[in-house]
Every structure is written in C-alpha cells, then in structure tokens.
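Some notes on the structure that comes next.
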C-alpha cells in the first residue's frame, strides 16, 4: 500500500532552525553518557537505560555497522574505532538536513563551528546569536552602570551584523523564568539593575536586565528564539510555561516573530499562543530526540491540535553528539508522517493539503521567517 505522506517526509530536505555543534574530540563512556541526558549522571543509573538511550542503540547503531539494539559497550567501542570525524559525518549526512541555524552561545565542550557542522552534512549554516552571551561579554570588558544599556545595544547590533546571522535567542527561561513584568524597563531601572549586577558579577539573571534584553531583541528587528519548557536542572519548570509571556506578546504585537523552542510539556500552551498571536511560532525540538520515534507522533499531535500549519517549524536542538541530529530528524519525519497519513486515510485531510504541510514544516516555514534562500529544485536523477 502506498503511503505518499511517509514517502514525502522521508525525501524532504530539512531546515533545522535551531541546533548546536557537535563535539570534535573522542568521547569515553562517561563523557558520552553525560551528553545523552539533560540531568546529572547518577551512580548505578546509565542514560543508556532511558528512552533516548534506547533510541540511540536502536536507530543509530546500524549507521555504525552494528546490529539494532547493540549493547552500550559495543556501541561505544565502534564509535571510538571510527573516530569523531567519521561518526559525525555519518549521522549528519543521514539526517537529511540541508540548512542548520546554529546557536553558538553555549560551548562548554569543543564543538564544530556552524561552517564545520554544515560541511560534514553537505549543507549550509547560519548563526543564531545568544543575547545573554553578548550582555555578559559587555560586562566582562568593563562598563559603567549608566553606559551599560548603550554598550549592550551597540554590541548586539555588531553581533547581528555579522555575515550569516539570521536570528537572536534568549535563555530567559533559565535565568528568571517568564513571570516577569512585561513592560519595557525605564532607563533609570536599567541603570540601577546594572549597577547591582556589575558589582556582584556572575550570569545575567536580574529580572530588570532580562526584560531589557527582551525589549532590545524587539528593537533589533530579527526573529527572537525563546527557550521554553524542557531543559536542564537550572529550569524552574512552573516558571517557563510560555503563557506567562501573554502580556508581553500583546505589547510586542506587530514587531518581530517569536519562536518558542522545544516547549514540552507546554506544547499545548505554545500551540494556543501560536493560534492567537500573529507573531508566535513553535517547534518541539529537543523533545523529539528524547522521546524518540516511538512517541514523537503523540508530541506532534498535541502541538498541532490547534497550531496553524504555517506556524510549526522543525528543529533538532541537537547538541554535542551527532546522534541527536539523526534522531531529531527521524523522529520528526516518522511522527509527522504517521499523524498526517492517518488524517488523509480518514478523509480528514486531503493528500495535497498534507503534502503542503510536509513542505511547510520541514523547511518552507523556516525559510520564509528567516529570509533564507528558497530550496532549489533538483533535476530528476541527480538526487540519491
């Protein structure tokens, strides 16, 4: 029986609108397991014994010439035998991603640059500027409280002016959560908050300065990516429900696109915001490779209950290990294909409409939002 939606998604070349680089050094078991989880490594509990660990052994092992469900020791031995460059090439190529929009603001390990990441996949890379990093660099250089706002704005404008930058990102979810005063802070408020922060140092986590950062993003005029929901233990989950942003979204209506990243377990709340605010878009990246192909359909079904089809984007949010680039893409393709094909089979969605949704979500939505070049048609016989 032909399943044209599955075939279309399997063949689609993806635009990953939010991801990170992969580690360029070899990884021992401890290092690899630490990258499999958003939490800490606990004695006697291996991340291989989790949904994402099982998915790696099931879906990634064959690309290393191993049987499905290979044991962790065999998997890691083969990974070490091939070496990081070949491992990264295999997984990135198999993901079928043509375009990578790379957040370069988090790199505790040695990672590929955007250009290196795309080269390994035979694709193209763009950059996402993390604004907290810009602010912290301004503070590290030394700046007076009364000059902070102007210096941060100038540094942000310089950063987004680099070739290949297509968006900015904030990790306000990690620093303060979203239950903030939505109004633009006054100059006096920013100066007072900057004085306190600069005197004590550390990460940018002052609520006034985070508000100032979000409003500066509006002034920059580029799409703004916001981490929401699932993340590591720095997150206070009850404070990162994206509906906390409702008043701020009212105030910023008609300005910039706001991209809600990841979203789990708030994919339904994010869908509501995308349905009622013209400027809001979402993805369920990060979530997809952690739940794997086995549960991706359920996550995507909730995200698409009321989301306009032009508002859903694909991202992997892969970081560190190239396996996550593959698993994110595989989970997206299989989950969305199952969801759309079921609706076609039930005559709730026409096949032409389903194929338009495939094209939009796999890349066209991101290309439109970020102003990326349109996908060039490939003559018959030139694509494998």
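Nothing in this text is a laboratory measurement; each read-out follows from the coordinates by a stated rule. Because the structure is predicted, anything quoted here is derived from the model rather than measured. All Cβ positions, even for glycine, are placed from backbone atoms using ideal geometry, and neighbour counts span all protein chains on display.
Observations on the model:
- Taking 222, 312, 64 in turn, the Gaussian network model of the chain (Cα-Cα springs below 10 Å) assigns the largest fluctuation to 64.
- Relative contact order, percent, region 267-384 [alpha-carbon distance under 8 Å, six or more residues apart]: 26
- Counting only DSSP H runs of at least 4 residues, each contributing -39500 (n - 2.57), and dividing by the residue count of the chain, the helix-based mean residue ellipticity at 222 nm comes to -13500 deg cm²/dmol.
- Per residue, the Cα convex hull of region 27-82 amounts to 73 Å³.
- A Gaussian network model of the chain, with springs between Cα atoms under 10 Å, assigns the largest mean-square fluctuation among 245, 82, 304 to 82.
- Considering only 163, 114, 72, the Gaussian network model of the chain with Cα springs below 10 Å gives its largest mean-square fluctuation to 163.
- Centroid-to-centroid separation of region 83-135 and region 1-73 [C-alpha atoms, Å]: 16
- (1) 22.5; (2) 23.5; (3) 19.7, with the label sought being that of the calculated mean projected area of the Cα convex hull in nm²: (3)
- Relative contact order of the chain, taken over Cα pairs closer than 8 Å and 6 or more residues apart, is 21 percent.
- FRET efficiency for the residue 232 to residue 150 pair, using the beta carbon distance and R₀ = 30 Å, is estimated at 0.35.
- Label-to-label distance, nm, for residues given as residue 30 and residue 255 (7 Å Cα→Cβ offset): 4.6
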